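Notes follow the structure.
What follows is calculated from the coordinates using simple rules that are stated; it is not laboratory data. Predicted model, so just to flag it, every value in this text is computed and none were measured. In this analysis, Cβ positions are derived from the backbone assuming ideal geometry, glycine residues included, and neighbour counts consider all displayed protein chains.
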Amino acid sequence: DWTMAAYRETKVAEIRQQVGEGRVICGLSGGVDSSVAAILIHEAIGDQLTCVFVDHGLLRLNEREQVETLFRDHYNIPLVVVDAEERFMAGLDGVTDPEKKRKFIGAEFIAVFEEEANKLGGADFLAQGTLYPDVIESVSFTGGPSVTIKSHHNVGGLPERMNMKLVEPLRELFKDEVRELGRELGLNDQFVGRHPFPGPGLAIRIPGEVTKERCDILRKADAIYLDEIRKAGLYDAIWQAFAVLLPVKTVGVMGDHRTYDSVCGLRAVTSTDGMTADVYPFDAAFLTSCATRIVNEVQGINRVVYDYTSKPPGTIEWE
Ligand code: XMP
């Protein structure tokens, strides 16, 4: 598509202009946006870019390995993987308020970036895969002119706190355009078609206290749900699908045992930009088989519910 080819060229020139001889570090989240931003920036300035992927212990199953393979083996882009699970879990200890989780995770990300930048001998720029809807939603939302619904961790307030300037080459784009740009840059359909994943990761899909144990339980349930969605051929028809782990225990029965375990919620929505969303209308039989598999295969979950709330009034993520 000539439009995206032209956009790519324009942005490459702009990035070169902005960065000059400077050093850039780019935070990778494992998602499409930061990956596309990194690949575009690498095309512009080569090894002046180093990517930093923070494994905060809040990632999906196998996500870290997938990012390592893509960047190191496929694109040969310098990548530092930071194992930060312990410090994130320690910081989240006892935190149940959604905004406190988000603010801690955002601040800790910046702290990790700054440490890594220092180790690399300093960076002049921080690159992020911020999109247009991220910019809008952190400022306000349809609920009122100046109401912050959620603090998206990768937007706002950073330059004052940091020595690094921001490089955000996707700031004017919507998700579908980022995917098109990703394809233009040679990413395969499977990768660019991945569902969005929020920076704060599984922390905002575990209402209440976040622990490693709860993250492990959620990772398993989420992987089963997505596996079922892929097998049913529904993945690409859905904007985002994921499991949440509720801080509620209910009574169940397995064989001749009483169980007393957590409730897992399933969410799936259609959307074009994440700003509004409709519930995906699965067949009852599909949801029943997901519930059966999750309860049978994931220790710690004995009940599964489906979220029927559109956005608005719900949001896509639960926190
Ligand atoms: P909500 O939950 O606000 O989500 O309806 C809208 C879209 O944004 C994603 N999301 C985030 N993405 N950092 C991100 O990079 C964040 O802090 C964040 N919070 C929500 C969410 O997954 C959905 O696609």
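In terms of packing, defined here as the mean over residues of other Cβ atoms within 10 angstrom, the peptides 240-246, 101-107, 296-302 line up highest first as 240-246, 101-107, 296-302.
Note on the chain: GNM, Cα springs under 10 Å; of LEU170, LEU234, LEU61, the largest mean-square fluctuation is that of LEU234. When only Cα pairs below 8 angstrom with a gap of at least 6 residues are kept, the chain shows a relative contact order of 17 percent. Among 195-202, 268-275, the peptide with the highest mean count of other Cβ atoms within 10 Å heads the list, and the full ranking is 195-202, 268-275.
Only helical runs count toward this figure. For the chain, summing -39,500 (n - 2.57) over DSSP H runs of n ≥ 4 and dividing by all residues gives -12500 deg cm²/dmol at 222 nm. For helix 98-119, report the angle its Cα long axis makes with the longest principal axis of the Cα atoms of the chain; keep it between 0 and 90° and round to the nearest 10°. Approximately 40 degrees, to the nearest ten.
Proximity of backbone amide H atoms, modeled 1.01 Å from N, is registered between GLY265 and VAL244, LEU245, LEU246, VAL305 at under 5 Å, excluding neighbours fewer than 5 places apart on the same chain. Straight-line cross-link partners of LYS103 among the lysines, defined as a Cα under 17 Å from its Cα and at least 8 positions apart when in the same chain: LYS150. In sequence order, region 245-262 has phi-based couplings of 10, 8, x, 10, 10, 10, 8, x, 9, 10, x, 10, 9, 7, 10, 9, 9, 6 Hz under the Karplus curve 6.51 cos²θ - 1.76 cosθ + 1.60, θ = phi - 60°, and Gly or Pro positions carry x.
Whole-Hz Karplus values for region 68-80 come out as 4, 5, 4, 7, 6, 7, 7, 9, 6, 9, x, 9, 10 Hz, taken residue by residue from phi with 6.51 cos²θ - 1.76 cosθ + 1.60 and θ = phi - 60°; glycine and proline positions read x. The C-alpha atoms of the chain define a longest principal axis, and helix 2-19 lies at about 60 degrees to it. Counting only alpha carbon atoms, the long axis of helix 175-184 and the longest principal axis of the chain meet at about 60°. Since only PRO198, MET275, TYR225 are under comparison, the one whose Cα sits farthest along the positive direction of the charge dipole of region 179-319, derived from C-beta charges on Lys, Arg, Asp and Glu, is TYR225.
A 29 angstrom limit on the alpha carbon distance is what I want to check against. Which of LYS100/LYS249; LYS165/LYS220; LYS100/LYS231; LYS119/LYS175; LYS165/LYS212 exceed it? Beyond 29 Å between Cα atoms: LYS165/LYS220; LYS100/LYS231; LYS119/LYS175; LYS165/LYS212.
Short-range pairs are left out: with C-alpha atoms under 8 Å and at least six residues apart, the relative contact order of region 223-307 is 31 percent. Round to a whole angstrom and tell me the spacing of the C-alpha centers of region 229-267 and region 71-122. So the separation of the two Cα centres works out to 28 Å. Neighbour counts of C-beta atoms inside 10 Å place GLU68, GLU63 in the sequence GLU68, GLU63, starting with the fewest. Mean-square fluctuation check for the chain, GNM, Cα pairs under 10 Å: which of GLY129, GLY94, GLY265 is largest? For the chain, modelled as a Gaussian network with Cα springs under 10 Å, the answer is GLY94.
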